[in-house]
Amino acid sequence: MKAVVLESFGGPEVLRVREVPEPQAGPDEVRIRVAATALNRADLMEREGRYPPPGKPPRFQIPGLEVSGVVDQVGERVTAFQIGDRVMALLAGGGYAQAVVSHERLTMPVPDCITLERAAALPEVFLTAFDALHEQGGAHPGWRILVHAGASGVGSAAIQLARQQGMSVMATVGSHLKLEAARAFGADRVVNYRQEKFINAVEEWTGGVGVDVVIDFIGQDYLSDNLKALAPGGTLVVVGTLSGAQASLNLGMVLAKRLRIQGTALRSRPLDLKMALVRRFLREGWGLLASGSVKPVIDRVYPLQHVAEAHAYMASNQNIGKIVITVGELD
Ligand SMILES: NC(=O)c1ccc[n+]([C@@H]2O[C@H](COP(=O)([O-])OP(=O)(O)OC[C@H]3O[C@@H](n4cnc5c(N)ncnc54)[C@H](OP(=O)(O)O)[C@@H]3O)[C@@H](O)[C@H]2O)c1
């Protein structure tokens, strides 16, 4: 099969399509004939050699944390899927390929109303956003949520999920186009951080009380204002560290406001915890996709041969929502 294999690390030019053997489904796995995969920020770090796959190094290092496609092989203990099913899967890697194997419990049916092209843009960002809001943030209807990078893949999913689940959302973005997009996803208030300090906007928006949860991808540069933005008892969910991972922390504020700082990483999470998250998402989040209340947002679509261009585009911070890579037969 064709796959993008990392044989060296560096810029987008190291992404090369080559022939590798097809994977075979283990007893609890399905093999998916991949229709499409999608880019995640982590893929850029993996390409640069800064984010190796968890566990034993694979024979072929193939990036790609999510796919959609059709099941073409099932392991002997698999009960949830059959050959021919339209599925999407959360992976620890291997998605930039014509076929991939996935544990049946990390595989989800694609809702009928969603095309395979769109479904590829869904597993990683919707599970990350759902996890950040619920498992890590403990969010409830009526809560106020601050979502940074509101036009990113994960941000676009977090805003939609939070709004559909009865929360109020403020988002930060870096351009006017992204501001309009975050509003369209359902954010009640959007801040262009190049024109306005988000901490001032939070104070005004919450009448000085602060937000209940901050979903942060920025890290270092935002830590101090994130803590100030939280209401007493609030939670900072650390999902990414785009501006850096080292920052000094005002423990006095953490103590006085009884704050929680909660980190989260999906890729390296133990299998049983990942399966539990997928199970909860299927119960509480999947229906919102099936009814069309929330949707994966797609910015651009590239064929697999143009994956290097897709990486360069994501690195330029222009994308609003997801960048999809088509690999095989679509519906
Ligand atoms: N922990 C996990 O399990 C997990 C899972 C998935 C993703 N993530 C993380 O979630 C984040 C979003 O991922 P994604 O794939 O959705 O990303 P994405 O679509 O590429 O969007 C990232 C956006 O973040 C903003 N940004 C970048 N650098 C920034 C900086 N230094 N300061 C402020 N804003 C910056 C930019 O938007 P603006 O123009 O608005 O600034 C950029 O377009 C990444 O950090 C990723 O690693 C974590």
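The values are calculated or read from the model by the stated rules, or taken from the named source; none is laboratory data. None of the values given here were measured: they were computed from a predicted structure. Positions of Cβ are generated from backbone atoms using ideal geometry, with glycine treated the same way; all protein chains shown enter the neighbour counts.
Restricted to region 301-320, and to residues that are more than 10 Å from the ligand (Cβ to nearest atom) and in contact with a Leu (Cβ under 8 Å, 6 or more places away or on another chain), which residue is nearest to E13 (Cα to Cα)? Don't jump to the end; show me each part of the working.
Residues of region 301-320 that are more than 10 Å from the ligand (Cβ to nearest atom), as a first pass: 301-312.
Subset that is in contact with a Leu (Cβ under 8 Å, 6 or more places away or on another chain): 307-308, 310-311.
Working: V307: 9, A308: 6, A310: 11, H311: 10 Å.
For region 301-320, the residue satisfying everything is A308.
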- Residues that are among the β-branched types (V, I, T), more than 9 Å from the ligand (Cβ to nearest atom) and either in a helix (DSSP H, G or I) or assigned by TED's automatic domain parsing to the domain that holds V191 (or both), drawn from region 111-170: I145, V147, I159, V169
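Just to be sure before I move on: is K257 in the same structural domain as E117 (by TED's automatic domain parsing) and not hydrophobic (A, V, I, L, M, F, W, C) in the structure I sent?
Values: in the same structural domain as E117 (by TED's automatic domain parsing): no; not hydrophobic (A, V, I, L, M, F, W, C): yes.
The answer is no for K257.
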- Query: Any idea how many residues of region 221-259 are touching a residue at least 40 places away in the same chain (Cβ under 8 Å), of a type in the set (G, A, S) and within 12 Å of the ligand (Cβ to nearest atom)?
  - Reply: 1
- Note on the structure: Taking region 205-225 and keeping residues surrounded by 16 or more Cβ atoms within 10 Å (Cβ to Cβ), in a loop (DSSP other than H, G, I, E, B) and at negative phi leaves T206, F217, I218
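Only residues that are farther than 30 Å from A80 by Cα, assigned to a helix (DSSP H, G or I) and within 16 Å of the ligand (Cβ to nearest atom): list them for region 14-57, please.
Within region 14-57, R41, L44, M45, E46, R47 qualify.
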- If F81 satisfies every condition in (1) away from the ligand (no atom under 16 Å from the Cβ); (2) aromatic (F, W, Y); (3) not assigned by TED's automatic domain parsing to the domain that holds L304 but one, which is the exception? (3)
- Query: Out of all the residues in region 267-299, which are closer than 20 Å to I159 by Cβ and either outside any helix (DSSP H, G or I) or outside the structural domain of D43 (by TED's automatic domain parsing) (or both)?
  - Reply: G285, S291, G292, S293, V294, K295, P296, V297, I298, D299
- Would it be correct to say that V101 is in a loop (DSSP other than H, G, I, E, B), over 27 Å from G321 (Cβ atoms) and either over 18 Å from the mean Cα position of the chain (by Cα) or assigned by TED's automatic domain parsing to the domain that holds Q305 (or both)? no
